[in-house]
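Chemist: Submitted below is the structure of interest, expressed as structure tokens.
The values are calculated or read from the model by the stated rules, or taken from the named source; none is laboratory data. Because the structure is predicted, anything quoted here is derived from the model rather than measured. Here the Cβ positions follow ideal geometry from the backbone for every residue, glycine too, while neighbour counts run over all protein chains shown. Ligands, DNA and RNA are stripped out before the accessible areas are found, and what is left, the full protein with its side chains, is counted by its heavy atoms. Shrake-Rupley method; radii C 1.70, N 1.55, O 1.52, S 1.80 Å.
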Amino acid sequence: MLRNTSQRILKSTSAGKEALLWQQGILTWDDLSKIKSIQGSFFSSADSDSLRLAKAEHALRSTDERFFTDLLPKSEHFRIPHSFPDKTLFVDIETTGLSRYYDHITMVGWACQGEYSIYVEGHSDKILRKALADARSVVTFNGSHFDLPFLKQTFKDLQIPSAHIDLRFLAKRVGLSGGQKAIEEVLGFHRQGQAAEIRGEGAPVLWHRYRRGDVDAMRLLVEYNKFDIEGMFAIFDYTVGELLEKRQVPPAIQQEFPSFAGKIEAHISTEHIPQPNRQGITIYVPKYEGIVRPLIDYQTLLDHCNSIEPSIVGIGLTGSELKPSGWCFLSKGIAKTMCIKTDNELVKKTLEANPTLVSIDSPLSLPTGRQTAFDDGSRQG
């Protein structure tokens, strides 16, 4: 925890010097304050060790996480959630796709000390805003590149703690790489029920089924999100444990790190009134209240085709042959889909279909506010 670190709290203490202090039995700030050699310099300047320790103590008692994110190196920020466990949120979002410019958030799930809550697109975001405003640290998996940018863009003036632990990068420090599901498999974390079969690409499908009236699909999406957060618990605990062993942190200090791992006791219900005698929290999944139908449906399209029924190829490009692109052929009201990897195969399959129209999921103009056609904004259009 934070009380066990002296890095940058004592002006001249690095990770190596901190380890030497631990070996001498100097484990806490109280131990530091009793060292005679340090006491001799306590009143030497306005930036004395005494003053720095006092400021750190005040920041800890007032749950001022920004003091520690500004003071400590990024590699030590994992200590912050353990010092504020009741104000640490594990957050995971679901979206319609990967681009924050063309896709949007469908739901947000978060948990604090095992209590799970959700926000569903189209409903009030008041609870989500309050949870993040009250938090002092947030834990995500790949949130630096995905969850947090989406949240900041979707919810204007959203308060997000300065202490953010991205498990994708924390896990790499102990040799765990790849996506969250791959790391969960290495750790032996197993999901249960129907949600165990869902992969990331299946989440948007569940959302669109929900929009069309399948409330149970939303229940399954929430279950999938809940398992994501439980998996994050397991990854965080394992990774921190490995880091402490790697750093040869004394057992007395390791015992001070509380565990976050465990199951979320939440019943996900499509009924507004929870069933009686239900243990744990009940998450109510409301019916979808937004507009379901597309702006142009298939029959409207036929009405503008002079009685000639068209055949249409739709292509969803990924922008790289390393990732398969989506391909769909629509004819006589029946849609056939597949994933195609190479450009040559994509062209060949499209020509063989001899379509009346080819629709490519790629904008013909830039949205308002965009300066380039690239999500990272690194190149000029």
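Chemist: Pick out, in residue order, every one of the chymotrypsin sites (Phe, Trp or Tyr not before Pro) in the stretch 175-266 that is DSSP loop and has at most 16 other C-beta atoms within 10 Å; say none if there are none. Please list the in-between numbers first.
Modeler: On the way: sites: 189, 207, 210, 224, 227, 233, 236, 238, 260; in loops: 189, 260.
Qualifying residues, ordered by number: none.
Chemist: For residue 106, enumerate residues with amide H under 5 Å from its amide H, sequence gap 5+ or separate chain, H modeled in the peptide plane.
Modeler: Those qualifying (amide H under 5 Å, at least 5 residues apart or on another chain) are 94, 95, 96.
Chemist: Would you mind getting the accessible area per residue of the stretch 89-149, heavy atoms of the protein chains only, 1.4 Å probe, in Å²?
Modeler: Numbers: 2400 Å² over 61 residues.
Roughly 39 Å² per residue, with all protein chains present.
Chemist: Another question, then. Less than 16 Å apart at the alpha-carbon level, and either on another chain or at least 8 residues along: which lysines does that give for residue 87?
Modeler: 130
Chemist: Quick check on the chain: of the DSSP beta bridges with both residues there, what percent are antiparallel, nearest 5%?
Modeler: Details: 25 of 40 bridges.
Percent antiparallel among DSSP bridges in the chain is about 60.
Chemist: Relative to the first principal axis of the alpha-carbon coordinates of the chain, what is the inclination of helix 215-246, with its axis defined by its Cα atoms, in degrees from 0 to 90 and to the nearest 10?
Modeler: 30 degrees
Chemist: Something else about it: Place +1 on the Cβ of every Lys and Arg and -1 on the Cβ of every Asp and Glu in the chain, take the dipole about the Cα centre, and give the residue among 124, 268, 83 whose Cα lies farthest towards its positive end.
Modeler: 83
Chemist: Can you pull out the trypsin sites (Lys or Arg not before Pro) in the stretch 195-240 whose DSSP state is coil and whose Cβ has at most 16 other Cβ atoms within 10 Å? Walk me through the numbers before you get to the answer.
Modeler: Numbers: sites: 199, 209, 211, 212, 219, 226; in loops: 199, 212.
Sparse-neighbourhood loop trypsin sites (Lys or Arg not before Pro): 199, 212.
Chemist: Which one, 320, 51, 202, is farthest towards the positive end of the dipole of the chain when Lys and Arg carry +1 and Asp and Glu -1 on their Cβ?
Modeler: 51
Chemist: In degrees between 0 and 90, to the nearest 10, how far off the longest principal axis of the chain does helix 343-353 point, with axes built from Cα atoms?
Modeler: 30 degrees
Chemist: With r as the distance between the Cβ atoms of residue 344 and residue 152 and R0 = 51 Å, compute the FRET efficiency 1/(1 + (r/R0)^6) and round to 0.05. Each step should come with its number before you reach the end.
Modeler: On the way: r = 40 Å, r/R0 = 0.78.
It comes to 0.80.
Chemist: Then there is this: Given the -39500 (n - 2.57) contribution per DSSP H run of 4+ residues, what per-residue ellipticity at 222 nm results for the chain, rounded to the nearest 500 deg cm²/dmol?
Modeler: On the way: 15 runs with 136 residues, N = 381.
It lands at -10000 deg cm²/dmol.
Chemist: Now for a separate question. So how far apart, in nm, are the two label points at residue 130 and residue 103 if each is 7 Å from Cα heading toward Cβ?
Modeler: Going from the residue 130 label point to the residue 103 one covers 3.1 nm.
Chemist: Hey, of (i) 25.9, 94; (ii) 34.7, 114; (iii) 28.3, 100, which did the structure itself give for Rg and Dmax of the Cα atoms in Å when calculated?
Modeler: Calculated Rg and Dmax of the Cα atoms in Å: the matching label is (i).
Chemist: If you keep only loop residues by DSSP, which trypsin sites (Lys or Arg not before Pro) in the stretch 318-347 have at most 16 other Cβ atoms within 10 Å of their Cβ? Don't jump to the answer; show the numbers that get you there.
Modeler: Details: sites: 332, 336, 341; in loops: 332, 341.
Here the sparse-neighbourhood loop sites are 332, 341.
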